[in-house]
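What follows draws every value from the coordinates through simple rules; no lab data is involved. Because the structure is predicted, anything quoted here is derived from the model rather than measured. For neighbour counting, all protein chains shown are included, and Cβ atoms are generated from backbone atoms with ideal geometry for every residue, glycine included.
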Amino acid sequence: MPSINLTIQAAPAAACAPELADGPWDFDAVPGYGPGSSMTDVIPVGSPRQGELPAEYREASDAELHDRIRAAKQTLGDRVVILGHFYQRDEVVQHADFVGDSFQLANAAQTVPDAEAIVFCGVHFMAETADILAREGQSVILPNLAAGCSMADMADEDSVEDCWAQLMALYGDEPDAEGRASIIPVTYMNSSAALKAFCGRHGGVVCTSSNAETVLADAFERGQRVLFFPDQHLGRNTAKRLGVPLESMPMWNPRTPLGGNTAEELRDARVILWHGFCSVHKRFTTAQIDQARAEHPGVRVIVHPECPMDVVDAADEAGSTDYIRRAVAAATEPTTFAIGTEVNMVNRLAAEHPQHTIFCLDPVICPCSTMYRIHPGYLAWVLEELVAGRVVNRIRVDDAVASHARVALDRMLALRPVPAAV
Ligand code: SF4
């Protein structure tokens, strides 16, 4: 099965944006996330920009880039570790030492403490988390600085601080008779280091899509309410599974007084959901599920919990990328799977499990815009710079921010160990 990259090169019209066939460097100087699923999202002013990739990498053939990556990796040996997120294109993943989700990869990096450099083929918040967990002296490198995450960018520190100030004014900070805080902040792993630090400072915690239920259940024991950011869908789907009624989950629209709610609605809330979403998972619909069931009787539909609630409800199962990967691997009989997550991962699962029929619920090829900014050209460039003794595109989290963020990460780890990387 050809990679998504090769499929798009062969038939750009099959993708949501024909420009996906161009090199990502064509978009480095242009504001926005670039072509792909989040191309209509608003990129924050001041988001990191990538400088121009040297022409030798932009003009090199795929074969030449792969040879150069392999050679640089061999020269660097144990000095470098390359991490590849499940949503990366195959042309990048093939060079990764570890493949997994964001937290698995950050943990995987800790298993190679002798590596001087961690090259994170993922997006910005993932590289930040790796830097927070890295040992002193290790450099975390993001091959393309324009690889942000539109969902993470939907909750900025100022807006969350502003929201918190309004909520504190409403609730006060006194615990109730049972000792529960008035509100506990919970941030999804897909958020900036600054917001993880915010949670660390305010008795809050980080969650992943694998452990969101455990984290929320614990937060309800410690607090009367939860402020959940940035992904409304993960928050809503998880709280619903825990029995929280929808009317107790108001949405917070930043920069609107009380987030667009009445004081009474907020007083009655159990979970306040930030108005954020993932543009990849927002594309999945119940109509796609209906079509899959009509065309493939007996199909097993598994979607990611970043999908909207009606899609999660209509699916057979919902779970994290690791859950999806394990569910497919565990199927003993030939099975037809319709999967609602990023298309690079779905295609890779299909190639790895030819005994099954596996397809993406979304018939249009529309990869995550920002994951797609990592191209073998950037990987070759950062590795060859390392060979020359230069660290480029280093992601560094301020020490004070990192130490508070680690508090929120440690609270999560104390609840349940996160599975090891593949
Ligand atoms: S798939 Fe969604 S949450 Fe993940 S990096 Fe892309 S935009 Fe962000």
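Where is the GNM fluctuation largest for the chain (alpha-carbon springs, 10 angstrom cutoff): S248, S369, S191?
Result: S248 has the largest fluctuation of those listed.
Relative contact order for the chain using alpha-carbon pairs under 8 Å, separation at least 6, rounded to a whole percent?
Contact order relative to length: 24 percent.
Looking at the stretch 281-360 only, what percent of DSSP beta bridges run antiparallel? Nearest 5 please.
Just about 0 percent of them are antiparallel.
Rounded to whole Å and ordered largest first, report the semi-axes of the equivalent ellipsoid of the stretch 281-360 derived from its Cα gyration tensor (root of 5λ).
Details: eigenvalues 66, 40, 23 Å².
Working from the Cα gyration tensor, I get semi-axes of 18, 14, 11 Å.
With +1 assigned to the C-beta of every Lys and Arg and -1 to the C-beta of every Asp and Glu, and no other charges, what is the dipole magnitude of the chain about the Cα centre in debye, to the nearest 20?
Around 480 debye, computed over the chain.
Going through the stretch 1-95, which GluC sites (Glu not before Pro) have at most 13 other Cβ atoms within 10 Å and a DSSP loop state?
E52, E59
What list of ³J(HN,Hα) couplings, whole Hz, do you get for the stretch 341-353 from phi and the Karplus terms 6.51, -1.76, 1.60, once you set θ to phi - 60° and write x for glycine and proline?
7, 4, 5, 4, 5, 4, 5, 5, 4, 4, 5, 6, 10
Within a Cβ distance under 14 Å of Y171, other residues only, what is the Lys/Arg minus Asp/Glu net charge?
Combined, the nearby Lys, Arg, Asp and Glu give -2.
Using only Cα positions of the stretch 85-202, each an equal point scatterer, no hydration layer, compute I(q)/I(0) via Debye at q = 0.17 Å⁻¹ and quote the log10 values to two decimals.
-0.87
What are the extents of the Cα atoms of the chain along their three principal axes, listed from largest to smallest and rounded to whole Å?
The principal-axis extents, from largest down, are 66, 54, 39 Å.
Whole-Hz ³J(HN,Hα) for each residue in the stretch 378-392, computed from phi via Karplus 6.51 cos²θ - 1.76 cosθ + 1.60 with θ = phi - 60°, x for glycine and proline: what do you get?
With the stated coefficients, the stretch 378-392 comes to 5, 5, 4, 4, 5, 5, 5, 5, 4, 4, 7, x, 10, 9, 10 Hz.
Quick one: order V271, V42 by neighbouring beta-carbon count within 10 Å, fewest to most.
Ranking V271, V42 by Cβ neighbours within 10 Å, fewest first, gives V42, V271.
For D22, D310, what's the fewest-to-most ordering of other Cβ within 10 Å of each Cβ?
Least crowded to most crowded, the residues run D310, D22.
Between 0 and 90 degrees, rounded to the nearest ten: what's the tilt of helix 286-295 against the longest Cα principal axis of the chain?
Approximately 60 degrees, to the nearest 10.
Please work out the Cα center distance from the stretch 225-263 to the stretch 50-120, rounded to the nearest Å.
A separation of 38 Å, based on Cα centres.
Under the rule of -39500 (n - 2.57) per DSSP H run of 4 or more residues, summed and divided by the residues of the chain, what mean residue ellipticity at 222 nm is obtained, to the nearest 500 deg cm²/dmol?
On the way: 18 runs with 168 residues, N = 422.
Result for the chain, helices only: -11500 deg cm²/dmol.
Can you give me the long-range amide H partners of V226? Hydrogens built in the peptide plane at 1.01 Å from N, cutoff under 5 Å, separation of 5 or more residues or another chain.
So V226 has HN proximity to I184, V271, I272.
Treating the Cα atoms of the stretch 234-285 as identical point scatterers in vacuum, please give the log10 of the normalised Debye intensity I(q)/I(0) at q = 0.26 Å⁻¹, two decimals.
The calculated log intensity ratios at q = 0.26 Å⁻¹ are -1.02.
Using θ = phi - 60° and the Karplus relation 6.51 cos²θ - 1.76 cosθ + 1.60, list the HN-Hα couplings for the stretch 157-165 in order, rounded to whole Hz, with x at every Gly or Pro.
4, 4, 5, 6, 4, 5, 4, 4, 4
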